[in-house]
1. What shape does the range 79-119 take by its C-alpha gyration tensor, where a ≥ b ≥ c are the square roots of the eigenvalues and a/c under 1.5 counts as rounded, a/b above b/c as prolate, and the rest as oblate?
2. Rank by packing, highest mean first: peptides 74-87, 186-199, with packing defined as the count of other Cβ atoms within 10 Å averaged across residues.
Amino acid sequence: GTVNTAGQPFNGFRDFVRRVGETPFYAEGIVIAGARVEDAEVVGNEITSAQHGVRLAASSRNDRNPPNWRQNEPSNLVVRAVVERNRIRLRPASAGLPSHGVYAGHFRSLVIQSNDIIGGRQDASDDDSLWFGIRTYGYRGHRLRISGNAIMNVATGLEVEPDLQSGDDQWNGGSWAALGNGYRNVAVREILANGVISGP
């Protein structure tokens, strides 16, 4: 039957159900995970209509909580990974769901470069969604390079967290850089932990 609200038919879910049914949707495009990942390359893929494009994550019960990643490399680790030349078109089912073009956690060496990432955000004033172009979180080893990516229609373009050092102190000789990335229709371009070099 029909539901009436204030004497009018209520069709509040009809448009949402039609929109979800019209376009294929899946939660994860490419996932590489496990207790330890030695070597991963995600190169030259086209990912369309996913909530998360590429996820690289090593996890196990040995992950310390709260963490002490500044001094100690965790056993659950992505040792080396390259994410390059992928075309990622995100389509989260709802603005209330987190979404990432590329997400990586706990890595020793990570390069993310020359990817095209387009999120589902159309309104530049909609700053509340947890939609990220690229996000890394957790332990960072000696190498992080995020460069030459085109990122658009997300709330946060690029986030590297958490802080693993304070002030100008160098941490284990790490080379961490976010350089030459382009942003369009992004509320916050970059959120970078201390020690991450940023620039055009």
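Just so you know, all these numbers are worked out from the coordinates, no wet-lab data involved. Predicted model, so just to flag it, every value in this text is computed and none were measured. Please note: Cβ atoms are built from the backbone with ideal geometry, for glycine as well, and neighbour counts cover all protein chains shown.
1. On the way: a/c = 4.56, a/b = 1.61, b/c = 2.84.
It is oblate, given that a/c is not under 1.5 and a/b is not larger than b/c.
2. Numbers: 74-87: 19.3, 186-199: 16.6.
The most tightly packed comes first, giving 74-87, 186-199.
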